[in-house]
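Asker: Sharing a structure below in structure tokens format, with a few things to ask.
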Amino acid sequence: MSNANVKKVKSSEIELKDRLVSIQRVTKVTKGGRTFTFSAIVVVGNEKGVVGYGLGKAKEVTEAITKGIDDAKKNLIKVPVNKGTVPHSQHGKYSGSYVFLKPASHGTGVIAGGAMRAVLESAGVTDVLAKSKGSSNPHNVVKATMDALVQMRDAATVAAQRGISLDKVFNG
């Protein structure tokens, strides 16, 4: 996700809603028996173009979720949302997970699976067609979706990067 147009956002300025994507019980076998811990993947967003994800690990479920929320608030990015949908089609990849996002007309809804749905709804996308390929591991799907969202550019950004007017972007 190392992209030049990533806009980091401070979490203190906005009101964020959190969504639990996945919680897993992890077992470690020691000399004294089994030790159980929990890992939680959490997505936070203000549903207006700001989204982030985090991973929390702890011996209690609630503590893992709290840690995940705190981690997610440190990884917030700004996503261009155009009339409730994404500005253009985009592929995203992380490890073995591949995702595809495509703009949809108003009223379509979020056509996406579990982990992708949480990220897109937290970002404020209301209409999108999405497809997840490869690994369905929630952690990798969340990161692949974030990769696709980071690469999104709206028309004004494209015009500024090319040094041309907004009209030329569409009629060029």
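Asker: Kindly establish whether Ala112 is under 23 Å from Asn75 (Cα atoms) and touching a residue at least 40 places away in the same chain (Cβ under 8 Å). Walk me through how you get there before you give the answer.
Answerer: On the way: under 23 Å from Asn75 (Cα atoms): yes; touching a residue at least 40 places away in the same chain (Cβ under 8 Å): no.
The answer is no for Ala112.
Asker: Taking Val119 as the residue in question, decide whether it is β-branched (Val, Ile, Thr) and part of a strand (DSSP E or B).
Answerer: Working: β-branched (Val, Ile, Thr): yes; part of a strand (DSSP E or B): no.
No: the conditions fail for Val119.
Asker: Return a yes/no flag: does region 152-165 have any residue that is closer than 23 Å to Arg19 by Cα, touching a helix residue (DSSP H, G or I) at 6+ places or on another chain (Cβ under 9 Å), in contact (Cβ under 8 Å) with a residue 40 or more places away in the chain and outside any loop (DSSP other than H, G, I, E, B).
Answerer: First pass over region 152-165, keeping only residues closer than 23 Å to Arg19 by Cα: 152.
Okay, now just the ones that are also touching a helix residue (DSSP H, G or I) at 6+ places or on another chain (Cβ under 9 Å), so none.
There is no residue in region 152-165 that is closer than 23 Å to Arg19 by Cα, touching a helix residue (DSSP H, G or I) at 6+ places or on another chain (Cβ under 9 Å), in contact (Cβ under 8 Å) with a residue 40 or more places away in the chain and outside any loop (DSSP other than H, G, I, E, B).
Asker: Additional query: Return the residue satisfying two criteria in turn: it lies in region 1-26 and is acidic (Asp, Glu) and either exposed (fewer than 15 other Cβ atoms within 10 Å of the Cβ) or not assigned by TED's automatic domain parsing to the domain that holds Asp70 (or both), and of such residues it is modelled with the highest pLDDT.
Answerer: At the first step, the residues of region 1-26 found to be acidic (Asp, Glu) are 13, 15, 18.
Checking the rest, the ones that are also either exposed (fewer than 15 other Cβ atoms within 10 Å of the Cβ) or not assigned by TED's automatic domain parsing to the domain that holds Asp70 (or both) come to 13, 15.
Values: Glu13: 69, Glu15: 86.
Result: Glu15.
Asker: Let me ask you something else. Pull up region 27-76, narrow it to residues that are of a type in the set (A, V, I, L, M) and free of Cβ contacts under 8 Å to residues at least 24 places away in the same chain, then point me to the one that is surrounded by the most Cβ atoms within 10 Å (Cβ to Cβ).
Answerer: Ala58
Asker: Answer yes or no as to whether Thr145 is under 22 Å from Val44 (Cα atoms), buried (at least 20 other Cβ atoms within 10 Å of the Cβ) and of a type in the set (S, T, N, Q). Write out each step before concluding.
Answerer: Numbers: under 22 Å from Val44 (Cα atoms): yes; buried (at least 20 other Cβ atoms within 10 Å of the Cβ): yes; of a type in the set (S, T, N, Q): yes.
Considered against the rule, which asks whether it is under 22 Å from Val44 (Cα atoms), buried (at least 20 other Cβ atoms within 10 Å of the Cβ) and of a type in the set (S, T, N, Q), Thr145 comes out as yes.
Asker: Filter region 44-71 down to the residues that are aliphatic (A, V, I, L, M) and in contact with an Asp or Glu (Cβ under 7 Å, 6 or more places away or on another chain) and list them by number. I'd like the intermediate steps shown before the answer.
Answerer: Keep residues of region 44-71 that are aliphatic (A, V, I, L, M), which gives 44, 50-51, 55, 58, 61, 64-65, 69.
Correct list: Val44, Leu55, Ile69.
The values are calculated or read from the model by the stated rules, or taken from the named source; none is laboratory data. In this text the structure is predicted, and so the values were computed from the model without any measurement. In this analysis, Cβ positions are derived from the backbone assuming ideal geometry, glycine residues included, and neighbour counts consider all displayed protein chains.
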